[in-house]
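One structure, pasted below without further comment.
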Amino acid sequence: MKQLIKSLIDHFVKVDKTTIAGWDKKLEELQSIIQFKFKNTILLKNALTHDSFYKKEERVNTEISPFERMEFLGDSVLGLVIAQELFVLFPKKHEGNLSKLKSKIVSEKFLTMRSNEINLGDYLLLSSEEARSGGRLKPSIVSDSMESLICAIYLDGGMPAARKFIKKFILNKFEDYVNREELINYKSILQEYTQGKFQKPPIYKVVSEHGPDHLKEFIVEVFVNNNSYGKGSGANKKSAQQQAAKVACEILKIQ
């Protein structure tokens, strides 16, 4: 673990500190919000320095991304804590129900909601290009940064500190979130139904796509047992598939 922390510190010293004037003060503010004071703030800085900053602003060419590596470990720490807490909270729930609940809590949408509550995107180091394109609000970036932050807390304060943070800022009142419309995984519901009834998954086909690259809209049609059960639209194929699956679930009355 000491060697891992040293490698993260060694990587960050390559950054030109003149480009991030005032960031230390902002990170003090964040530490106050999350109620955790880092002994080694370079871990926090690594966790919140997005790849785009290194590549565009610092011209650091590296195949190893501290942000992505910390996201990877943070995801595992988060998953373990969530699994343990749900195991204790719901002694009568079956494994399948616990797995579904856990998948909602660790999902991109859920983590984005919780990250936005502490305005985590405001504290990220992004390239100027990524910042202008709304990177501080992008679910993919914001949710990943939450996992990376969890890793930093874990490396600095151990599992007790990570668990305390996760319970307070992710698990707290989670029941109020997991039943929201945007967290229902209609694709999963539809697939479970079709596999059981027809022994084959639904098929999603892109019907059309239009608009410039930064404002693309995809139209996807879903087929169940070779029959069309509706279309959905979205800014990417995944969200369009989710909308199409929702329409199919409503038609099949399996919500």
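The values are calculated or read from the model by the stated rules, or taken from the named source; none is laboratory data. Model, not experiment: these values are computed from the prediction. Backbone-built Cβ (ideal geometry, glycine too); neighbour counts: all protein chains shown. Surface accessibility is based on the protein's heavy atoms, side chains included, excluding ligands, DNA and RNA. Shrake-Rupley method; radii C 1.70, N 1.55, O 1.52, S 1.80 Å.
Taking only Cα atoms, what is the 0 to 90° angle, nearest 10, from helix 66-89's long axis to the longest principal axis of the chain?
60 degrees
At what distance in angstrom do the alpha carbon centres of region 67-101 and region 137-202 lie from each other?
9 Å
Under the rule a/c < 1.5 gives rounded, and otherwise a/b versus b/c splits prolate from oblate, where does the chain land using the Cα gyration tensor?
Oblate shape, in that a/c is at least 1.5 and b/c is the bigger or equal ratio.
What's the angle, to the nearest 10 degrees (0 to 90), between helix 237-252's Cα axis and the longest principal axis of the chain?
Long axis of 237-252 versus the principal axis of the chain: about 40 degrees.
While we're here: Could you order the peptides 23-32, 204-213 from most to least packed, using the average number of other C-beta atoms within 10 Å per residue?
Result, highest mean Cβ count within 10 Å first: 23-32, 204-213.
With every protein chain kept in the model, how would you rank Arg114, Arg180, Arg69, Arg132 by accessible area, 1.4 Å probe, largest at the top?
The ranking, largest first, comes out as Arg132, Arg69, Arg180, Arg114.
Take the chain, connect every pair of alpha-carbon atoms lying under 10 Å apart with a spring to form a Gaussian network, then pick out the residue of Val178, Val142, Val88 with the largest mean-square fluctuation.
Val88
Of the listed pairs Lys92/Lys167; Lys197/Lys231; Lys55/Lys109; Lys104/Lys187, which have alpha-carbon separations greater than 24 Å here?
Table pairs above 24 Å Cα-Cα are Lys55/Lys109.
If you build a Gaussian network model of the chain, linking Cα atoms that sit under 10 Å apart, which residue out of Asp144, Asp176, Asp122 swings the most?
Ranking Asp144, Asp176, Asp122 by mean-square fluctuation puts Asp176 first.
Right, here's the next one. With a ≥ b ≥ c the root eigenvalues of the C-alpha gyration tensor of region 104-255, is it rounded (a/c under 1.5), prolate (a/b larger than b/c) or oblate?
Judged from the Cα gyration tensor, region 104-255 comes out oblate (a/c at least 1.5, b/c at or above a/b).
Any idea of Met159's accessible area? Nearest 10 Å², probe 1.4 Å.
In the full protein context, Met159 sits at about 50 Å².
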